[in-house]
Amino acid sequence: MSHVAMIAAARRWLPVALALALAACSGKDETPAPAAQGAAAPAAAAPAAPAVAAKVQSMGTEQLRESASQALRENRMYAPAGDNAIEYYLALRDKTPDDASVKSALTDLLPYTLIAAEQHLGREDFTEAQRLVALIEKVDASAPALPRLKEGLTKGVQVAAKRTEDETEKVKKDAEDRTKQLAEQQRLTEQRAKEAEAAKQIAAQQDVARRDSERQAAARRDAEQKQQQAAAQQANAARQAATAAAPSLRPVSTPAPRYPAEALRSGTSGEVLVEITVGTDGSVTNARVLRATPSRVFDREALNAVKRWRFEPVTAPVTTRRTLVFAPGG
């Protein structure tokens with residue numbers, strides 16, 4: 001096909017192709033803008049690649065025309081990089097600068113390349129946006145939208161870089177906070193372990209002290225019991241010695257005690273242990289109850305009885321004990 005026929009054919013269906021491209025771009029706008037990628041800022045800051053791929057620039061005029069027509073038919077107006085209509089037409093313009101049809105095709109493609117650049121900026125796809133801005137600038141370096149696109153690209157890269165920096169700082173701070181939390185948890189765990197060990201040692205010491213106290217108390221009880229036994233033995237020995245040394249008592253008159261009427265009626269029996277002191281004339285000079293069973297039932301009659309007792313005279317007062325038994329019918 002001749003160059004003139006190709007351009008005429010392209011101009012006939014170019015509006016339809018551009019409309020389809022605009023619809024496709026509008027559909028892409030509905031996709032939520034992704035978060036700034038970590039590689040977006042470095043890619044934008046890297047040296048810009050040529051607007052037209054080297055392989056496109058190396059193609060011949062006829063091959064460029066055919067490739068441009070094929071790209072338009074397949075709706076590859078500005079993408080993918082290195083295989084799109086606008087790059088082919090730019091290469092054709094470099095080779096045939098006076099070809100009005102090529103300039104017209106570039107003029108028709110420019111608005112939609114602008115729209116695509118805006119959309120990629122909105123998505124924060126700065127690498128693709130930079131490529132499209134380079135294409136726009138090569139098509140028309142004085143395009144009114146070009147300064148705004150460049151400024152948006154620069155600011156977008158800065159914002160994305162700042163966001164990446166903030167996110168990196170946040171991740172770093174979160175990691176530091178987590179490290180601090182883990183360190184604090186470790187400290188608390190160690191502190192609790194130390195407290196538990198200290199409590200265990202205190203409990204062990206208290207247990208030892210309790211056992212020592214129990215042993216000491218048992219030793220005191222044993223000592224007191226031995227002292228009481230020794231005192232009882234001494235008292236018993238003293239009583240036996242006193243009994244052996246005291247003169248024997250020979251009763252003269254020991255009238256039985258009167259049985260309490262109430263105890264007799266109730267049939268109550270019992271006994272009373274009394275201690276009496278006999279004077280040298282044989283009379284009872286002192287008497288007291290040491291033990292009574294049951295208590296306070298026969299005490300009075302027992303004392304009344306022993307106080308009337310008489311013994312043969314002795315050389316010295318004698319203290320002795322007697323048990324008086326109370327039994328009904330005895």
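So which residues in the stretch 249-289 are part of a strand (DSSP E or B), within 24 Å of Pro317 (Cα to Cα) and open to solvent by 60 Å² or more (accessible area, probe 1.4 Å), if there are any at all?
Pro251, Val252, Thr285, Asn286, Arg288
Quick one: count up the residues across the stretch 290-322 that are part of a strand (DSSP E or B) and over 13 Å from Thr254 (Cα atoms).
Total meeting the criteria: 8.
Would you confirm, using the coordinates I've provided, whether Ser142 is more than 18 Å from Tyr88 (Cα to Cα), of a type in the set (Gly, Ala, Ser) and open to solvent by 70 Å² or more (accessible area, probe 1.4 Å)?
So Ser142 fits the description; yes.
Determine if the stretch 97-118 includes at least one residue that is part of a helix (DSSP H, G or I) and farther than 28 Å from Glu66 by Cα.
Checked the stretch 97-118: at least one residue is part of a helix (DSSP H, G or I) and farther than 28 Å from Glu66 by Cα.
Identify all residues within the stretch 69-88 that are open to solvent by 10 Å² or more (accessible area, probe 1.4 Å), more than 16 Å from Ala129 (Cβ to Cβ) and not hydroxyl-bearing (Ser, Thr, Tyr); write none if there are none.
Answer for the stretch 69-88, where residues must be open to solvent by 10 Å² or more (accessible area, probe 1.4 Å), more than 16 Å from Ala129 (Cβ to Cβ) and not hydroxyl-bearing (Ser, Thr, Tyr): Gln70, Arg73, Glu74, Asn75, Arg76, Asp83.
The values are calculated or read from the model by the stated rules, or taken from the named source; none is laboratory data. None of these values were measured; they are calculated from a predicted model. Heads up, the Cβs are rebuilt from the backbone with ideal geometry, glycines too, and the neighbour counts pull from every protein chain shown. The area values use the complete protein model at the heavy-atom level, side chains included, leaving out ligands, DNA and RNA. Shrake-Rupley method; radii C 1.70, N 1.55, O 1.52, S 1.80 Å.
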